[in-house]
Amino acid sequence: MQNPTEPTDQVSRLEDMPNWVPRAAAVAVFTILAIAAGLWMLVQIRSILLAVFVALFLSFALEPAVVRLVRRGWKRPLATFAVFMILVSFIFGFVAIMIPPVATQIGVLSETLPVFVESAIDFADEQFNIQLTGDTILGWATGLADNASGYVDDVLFRVVGAGSFIGNFVVQVLSVLLFTYYLLADGPNIRRKLFARFEGDRQSEVMRIWELAIDKTGGYVYSRLMLALVSSIFTWVALTIIGLPNPLSLGIWVGVISQFIPAVGAFIAASLPVAIGLLTDWRQAVAVLVVLVLYQQFENLFLAPRITASTMSLHPAIGFAAVLAGISLMGALGAIVALPLVAIMQAFVSAYFQEHEVVASRLTDDGLVPRRKPPAPPADDEGEPAPA
């Protein structure tokens, strides 16, 4: 049987509760709701935050060029516009140069496709005794056409999705360019308002970090441009000697793609000229592959270390890990942004953490340093070694 005094006891316990407990519970609930609302807002505006983040790094990369023009007497908005026009001209020029070889190879593929089909039919007949006649191929095509109706909706859905993706990508690119222009054109005022939030030594440290970011990002772009120029010229000359069609366009393709797409850029760049070589003569494809592989080794061992020594020195393993992390976090843009970001972090660590000289050891010299002998025991008064 329930005790009638229990409700009274509960009320008395509530009355005895400290006054701060309800307030603490209300603050905790409000904090949790505020954090949840903040996370929801971040998810909703993540595309804008990504655009601002990428624009910030682009402004770091273009800042040295804008400052150079400003020091020559240009107004900063005009200097920013000029640098932007150079960047846009470079992008559109690259696309325009790549259109002719792609269109030409599509024509070559359409002409050589019947020959490939006939060769495949003869190979199947000789090696596997499979009779591929015109009626057989037509029957297969008819069967595929009958089964294709079930895939029409899926294809249309994918086409619509691709169109939506392209539209979002264009909007994202325009947003990045707009934010980058404002960060460059009004850079000093924006930085002045940001630095005004800090005092004394902390303000100097923030300025130092900002300058490190500009130097490292600008150095990264400068080193990539130099390597792309050298790679383009070498590939152009090599493909001309090999006899591949459109060597200039393919040389620019290899130079730009191999340098500005981290980690896998060299493989993507080499795939196009090798594929074109296969369409013309397999011996040309082999020659192109050998030449590009040899140049890549020369670049990694001799050229890149000298060019990046004064701009951005980054261990290949760290760079590869940074690219993988960038792809997992932000996709393709993350792969491009990852290297300068890690370089900035590395510069920050080297600037704020003192390095000490490392004592010679077999651990740091591939075992070439002899093992240290234990110190001899001190001698006694008669010159004899003291007992251990």
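The values are calculated or read from the model by the stated rules, or taken from the named source; none is laboratory data. What you see is a predicted model; the values in this text were computed from it and never measured. Here the Cβ positions follow ideal geometry from the backbone for every residue, glycine too, while neighbour counts run over all protein chains shown.
Of the numbered conditions (1) part of a loop (DSSP other than H, G, I, E, B); (2) without any contact (Cβ under 8 Å) to a residue 12 or more places away in the chain, L244 satisfies every one except a single condition; which is it? Of the numbered conditions (1) part of a loop (DSSP other than H, G, I, E, B); (2) without any contact (Cβ under 8 Å) to a residue 12 or more places away in the chain, the odd one out for L244 is (2). Within region 232-241, the set of residues being more than 24 Å from the chain's Cα centre (by Cα), crowded, with 18+ Cβ neighbours inside 10 Å and not aromatic (F, W, Y) comprises A238, L239. Is one or more of the residues making up region 174-182 over 22 Å from the mean Cα position of the chain (by Cα) and modelled with pLDDT of 85 or more? The answer is yes; a qualifying residue exists. If you go through region 61-85 and keep only what is in a loop (DSSP other than H, G, I, E, B) and either closer than 17 Å to V176 by Cα or of a type in the set (F, W, Y) (or both), you end up with just W74. Is region 248-259 home to any residue that is part of a helix (DSSP H, G or I), surrounded by fewer than 19 Cβ atoms within 10 Å (Cβ to Cβ), of a type outside the set (G, A, S) and modelled with pLDDT of 75 or more? Taking every residue of region 248-259 in turn, at least one turns out to be part of a helix (DSSP H, G or I), surrounded by fewer than 19 Cβ atoms within 10 Å (Cβ to Cβ), of a type outside the set (G, A, S) and modelled with pLDDT of 75 or more.
Going residue by residue through region 162-171, is there one that turns out to be surrounded by 10 or more Cβ atoms within 10 Å (Cβ to Cβ), at pLDDT 80 or above and closer than 30 Å to L69 by Cβ?
Residues of region 162-171 surrounded by 10 or more Cβ atoms within 10 Å (Cβ to Cβ): 162-171.
Within this subset, residues satisfying the condition of being at pLDDT 80 or above are none.
No - not one qualifying residue is present in region 162-171.
Go through the residues of region 85-108 one by one and say whether even a single one is more than 30 Å from D281 (Cβ to Cβ), surrounded by fewer than 16 Cβ atoms within 10 Å (Cβ to Cβ), modelled with pLDDT of 85 or more and in contact with a Phe, Trp or Tyr (Cβ under 8 Å, 6 or more places away or on another chain). There is no residue in region 85-108 that is more than 30 Å from D281 (Cβ to Cβ), surrounded by fewer than 16 Cβ atoms within 10 Å (Cβ to Cβ), modelled with pLDDT of 85 or more and in contact with a Phe, Trp or Tyr (Cβ under 8 Å, 6 or more places away or on another chain). As a summary of the residue check, I48 satisfies the conditions (1) buried (at least 16 other Cβ atoms within 10 Å of the Cβ); (2) touching a residue at least 24 places away in the same chain (Cβ under 8 Å) except for the one numbered (1). Looking at the structure I just gave you, is V274 free of Cβ contacts under 8 Å to residues at least 24 places away in the same chain, within 25 Å of the chain's Cα centre (by Cα), surrounded by 15 or more Cβ atoms within 10 Å (Cβ to Cβ) and not in a loop (DSSP other than H, G, I, E, B)? Yes: the conditions hold for V274.
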